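**Student:** Supplied in structure tokens, the structure appears directly below.
The values are calculated or read from the model by the stated rules, or taken from the named source; none is laboratory data. Keep in mind it's a predicted model, so treat the numbers as computed, not measured. Using ideal geometry, Cβ is built from the backbone for each residue, glycine included, and neighbour counts are taken over all protein chains shown. To get the accessible areas, we keep the full protein, side chains included, count just its heavy atoms, and leave off ligands, DNA and RNA. Shrake-Rupley method; radii C 1.70, N 1.55, O 1.52, S 1.80 Å.
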Amino acid sequence: MNGTTARIAVANLSKVFDLQKRRKGRSGLSSRELAAMVQLGRSVLRRGVRVGRRFYALSDINLEVGSGEIMGIIGRNGAGKSTLLKILARVLDPTEGSVRLEGRVASLLELGAGFNGDLTVSENISLHIALSGSKPDPDLEKRILTLSELGDYRDIDLDDCPGGASARLSFATLISVNSDIVLADEMLAVGDTRFKQLCLDRIGQVRDEGGCVLFVSHDLRAIAQICDRVMWIDRGKMRLVGSAKEVIRAYEAELHAKISALDPTASDDAAQIIDLRLASRAGEPIGALRLNRASYLECVFQHLRPDIPISLCFELTNGRKQIIYSAARTIEPVGTDPRAMRGRLKIPPHFLNEAGYQARAKVRWKVDNEPRKEVEMKTDFRAVDSDASESVWAGWDGDRRGLVAPRLAWRFGISDRKRGRAKPL
Amino acid sequence: MFAIRAQGLTRGPLNRLPKPKAGGPTVSSAFGALGAIVRGGPKKSRKDGADGQKGALGQDLLKDVSFTIDRGSIVALPGPDLRASEALMRILTASLQVSAGRIEINGSIGGLVTVGANLEADLTGREAVIRERAYMRVPEEREEAFLDEVLAFSGMKEFEDVLIRRYSTGMSLRLGLAMILMAKPSVVVLGDIMGVGDLDFHQRCKEQIRQMASDGATFLLGGPAFAVDDLADRKMFFERGRISSDLSAAGDEEPEDGGPASHVWHVADDQVSCAVLGLSGISVLPPTQSQRSTHIRLHWRVKAAPQKIRLILDFLHGSIVVFRAVAREVIVEELCWLRATVSLPPLLGALHYRVRITCISDQDGRKRTMRIAHALDAVPTAGARSTGVESIPLLRPPLDWEIAPIEEIAD
């Protein structure tokens, strides 16, 4: 640790989610529920993480981040990275342990949260300056307005501003107000190169002023670039803390080892999902999807019992669980040995809208006379409109509605008669 | 010459009074009473919705509807108020009376509003055709020919001696439809039944309908499927018992001044007017084997120039905006016809969607916003197949998949 005082001190932190559903007025179990319970029981035996119907999202986390330090957090989907950040941001309460934060916290977890659509842009800024503990500051307000490019909309209700204004404003505000601790979730993935640079500048500034930054990302390259130290969380437990290089190497090595560790005797499942991630064309994990680039959903799974055909299903839903895409492919067994496989679903450029999405990968199989089984992994990701000039929404100030935002070709023609040839306009 | 003319046609709500209970207790009523005791209260009737009798059931089916349909036209009644279009079809086939107004039909009428309505279960296919012949106003001397034509067209020749009750829905529909088409009435009313037949039969029906229309027969086709079909040359949309838009297929003559769609504008501006722009037609070109895009073409009549026009299409499923397509702003310098075509890549699943068209016209800074909704049923592309999932996604884009063993990737 290169600072003298700890900005963040977390001791013996645990977070337990109660999986017991409050279900009153019904008795008995449907076959589906029964199957779910059997599944749950299996996973308890196999993983030993879930106790009864309680789920340890985090257990016994100890962490100290000192002044002037940038700390990265990595881990697989559902490992507890976001839960940790949410606890630090005081969105969630810890079940056990203590959290001590020294200084003002800026949490860039959910862009747009905490901004009120019924207030004007300037009122929203004033509110957040006040909430950050500072006195009213016209200079700061001006800076935020310039940064968010909302100068023309200063006295207009946020709801009536162009699409994406809320996200831009919250980003600009959170990054500009005085803060000693910055909590950032996939921060660098958001925004274009200019924003990225601003973000890096700000992170550097916070470090120079003796603050600290906690940075969660799937983008290992970005983590390696900016973080001093990295913590690897695995299924709610601290796996490794150390220099960025060392931890990332260990993390990648384990993923590799897991892929090649084909042990059909370890469980009676016909398949096992190792990883589901958003990746670039080259297969590098990325933190968020850029609308103007093709991205890939990659599912690494093992076909452990080649005598049983399995099917891989990719499902894409939006934040409200509305299903956008869902399709499955059957994988016929080849040979007699278990295989590690990779399924890739290409998400074409200019298909999704700027929003949060959830991807699920499911592998299903059926053994004669037994109910169908499936294993599932999910990952949340954001799609960002990072390049304004290439955006589908370029030149449009109104609502950017829609589950998706495909680019459509328009043609216009005019003619002096109702029928007949129209000359292109 | 007109085929159907309606003036101020109004039909009140259907009488749905509960049936009077018959005599003494029966086994089922005893069970019902027992059930009521166990549940601790009388069973709620499913018909008493949240708004009881005063809900949708209490509304007039048709409200002061006037129109004229010319001979030889094919008119689609795609909804969205299907109760209204069905009421109109039932009035035409004399299975429902009008409450007020009048409707004139020029010629004979034949119709099939619901599947299997015309056939008796205890007759064989052959007997059913012979029996219906008289009702269809086919002269007796044509009986043999009529029978042959119907059996040939419906493809039910080999099932002619099978009882109707053993027919599948599709089979009895084919037979019923074939009878109506072969009887060649001057006005044909068909309910939402075309979807039942297979593609081949569907195609044959379409050809027959086109052929008959060119010979002067008039068709009324109900059901949302006809909203996108290219079969109809006129589409009458009903909303809340009234005609909300009456569109002629693109390219047809348009009545003078205002255009047929002029009354469908919901103009945000105080001045309710379509002084600057009129929509004269919407055509949807479904995907074909050679090209997989759906084209939606809008025909506008530009009545004031110069003006800037921006089109926004929202594709909805229920109330969900699935996606929004915003066109660039076009500047029209002179009075003209403007044709806007948007090409939709293969995205849509086989679901019922709606397109909401918003048009923002800017004439020297004076903005007018107009909206119109249009039904759109996605036609599955040729060769489209089930993807093997039970949850229905809102979109079905053909995304690329790649599944390979890991070792091969590493190479």
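**Student:** Only one residue in A:A288, A:A279, A:A271 is over 30 Å from A:S389 (Cα atoms) and touching a Leu at 6+ places or on another chain (Cβ under 9 Å), so which one is that? Before you say what the answer is, go through the steps one by one.
**Tutor:** Numbers: A:A288 fails: over 30 Å from A:S389 (Cα atoms); A:A279 fails: over 30 Å from A:S389 (Cα atoms).
Going through A:A288, A:A279, A:A271 in turn, the sole match is A:A271.
**Student:** Still on this model: I'd like the full set of residues that are open to solvent by 50 Å² or more (accessible area, probe 1.4 Å) and in contact with a helix residue (DSSP H, G or I) (Cβ under 9 Å, 6 or more places away or on another chain), limited to the stretch A:261-272.
**Tutor:** A:A266, A:D268, A:Q272
**Student:** Looking at A:L200, is it at pLDDT below 80, open to solvent by 20 Å² or more (accessible area, probe 1.4 Å) and part of a helix (DSSP H, G or I)?
**Tutor:** Values: at pLDDT below 80: yes; open to solvent by 20 Å² or more (accessible area, probe 1.4 Å): yes; part of a helix (DSSP H, G or I): yes.
Yes.
**Student:** Another question, if that's okay. From the list B:A305, B:A340, B:A325, exactly one residue is more than 9 Å from chain A (Cβ to nearest Cβ), more than 22 Å from the chain's Cα centre (by Cα) and free of Cβ contacts under 8 Å to residues at least 60 places away in the same chain. Which is it?
**Tutor:** When all the criteria are applied, what remains is B:A305.
**Student:** Determine whether B:V389 is surrounded by 14 or more Cβ atoms within 10 Å (Cβ to Cβ), modelled with pLDDT under 80 and within 7 Å of chain A (Cβ to nearest Cβ). Steps first, answer last, please.
**Tutor:** Values: surrounded by 14 or more Cβ atoms within 10 Å (Cβ to Cβ): yes; modelled with pLDDT under 80: yes; within 7 Å of chain A (Cβ to nearest Cβ): yes.
Spelling it out, B:V389 is indeed surrounded by 14 or more Cβ atoms within 10 Å (Cβ to Cβ), modelled with pLDDT under 80 and within 7 Å of chain A (Cβ to nearest Cβ).
**Student:** Is there any pair with a first residue in the stretch A:331-349 that is touching a residue at least 24 places away in the same chain (Cβ under 8 Å) and a second that is of a type in the set (D, E, K, R) and open to solvent by less than 30 Å² (accessible area, probe 1.4 Å) whose Cβ atoms are under 6 Å apart and which are 6 or more apart or on different chains, and what are they?
**Tutor:** From residues that are touching a residue at least 24 places away in the same chain (Cβ under 8 Å), the pairs are A:R344/A:E298.
**Student:** Quick one: how many residues across the stretch A:373-418 are open to solvent by 70 Å² or more (accessible area, probe 1.4 Å), modelled with pLDDT of 85 or more and more than 14 Å from B:L313 (Cβ to Cβ)?
**Tutor:** So the count comes out to 3.
**Student:** Can you give me the ranges of the strands (runs of 3 or more DSSP E) entirely in the stretch B:296-340 with at least 1 residues that are at pLDDT 90 or above and not β-branched (V, I, T)?
**Tutor:** The strands (runs of 3 or more DSSP E) meeting that bar are B:307-317, B:320-326.
This table checks each residue for (1) open to solvent by 20 Å² or more (accessible area, probe 1.4 Å); (2) out of contact with any helix residue (DSSP H, G or I) (no Cβ under 8 Å at 6 or more places or on another chain); (3) farther than 13 Å from B:G125 by Cα.
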{"position": "B:E141", "(1), (2), (3)": "yes, yes, yes"}
{"position": "B:V150", "(1), (2), (3)": "no, no, no"}
{"position": "B:K157", "(1), (2), (3)": "yes, no, no"}
{"position": "B:E160", "(1), (2), (3)": "yes, no, no"}
{"position": "B:G176", "(1), (2), (3)": "no, yes, no"}
{"position": "B:I180", "(1), (2), (3)": "no, yes, yes"}
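**Student:** Restricting to strands (runs of 3 or more DSSP E) lying wholly in the stretch A:354-425: which have 2 or more residues that are within 14 Å of chain B (Cβ to nearest Cβ) and touching a Leu at 6+ places or on another chain (Cβ under 6 Å)?
**Tutor:** Output list reads A:355-365, A:409-415.
**Student:** Which of the residues that make up the stretch A:298-324 are at pLDDT 90 or above and not β-branched (V, I, T)?
**Tutor:** Correct list: A:E298, A:C299, A:F301, A:S311, A:L312, A:C313, A:F314, A:E315, A:L316.
**Student:** Tally up the residues in the stretch B:308-322 that are touching an Asp or Glu at 6+ places or on another chain (Cβ under 6 Å), more than 8 Å from every other protein chain (Cβ to nearest Cβ) and not basic (K, R), please.
**Tutor:** 0
**Student:** Being open to solvent by 10 Å² or more (accessible area, probe 1.4 Å), under 21 Å from A:V300 (Cα atoms) and assigned to a helix (DSSP H, G or I) narrows it down to one of A:K245, A:K258, so name that one.
**Tutor:** When all the criteria are applied, what remains is A:K258.
**Student:** Quick one: is A:K362 more than 22 Å from A:Y296 (Cβ to Cβ), open to solvent by less than 40 Å² (accessible area, probe 1.4 Å) and not hydrophobic (A, V, I, L, M, F, W, C)?
**Tutor:** In short, no.
**Student:** Shifting gears a bit: Which residue pairs have Cβ atoms closer than 8 Å, lie 6 or more positions apart in sequence or on different chains, and pair a first residue in the stretch A:237-250 that is without any contact (Cβ under 8 Å) to a residue 40 or more places away in the chain and over 12 Å from A:Q225 (Cα atoms) with a second residue that is in a helix (DSSP H, G or I) and among the acidic types (D, E)?
**Tutor:** A:L240/A:E246
**Student:** Only one of A:K258, A:K237 is under 17 Å from A:A79 (Cβ atoms) and at pLDDT 85 or above. Can you tell me which?
**Tutor:** One residue alone meets the criteria, A:K237.
**Student:** Still on this structure, please answer the following. Conditions: (1) more than 8 Å from chain B (Cβ to nearest Cβ); (2) in a strand (DSSP E or B); (3) surrounded by 20 or more Cβ atoms within 10 Å (Cβ to Cβ). A:M341 meets all but one. Number of the miss?
**Tutor:** It fails just one condition, (1).
**Student:** Can you spot a residue in the stretch A:56-71 that is modelled with pLDDT of 85 or more and surrounded by fewer than 16 Cβ atoms within 10 Å (Cβ to Cβ)?
**Tutor:** There is at least one residue in the stretch A:56-71 that is modelled with pLDDT of 85 or more and surrounded by fewer than 16 Cβ atoms within 10 Å (Cβ to Cβ).
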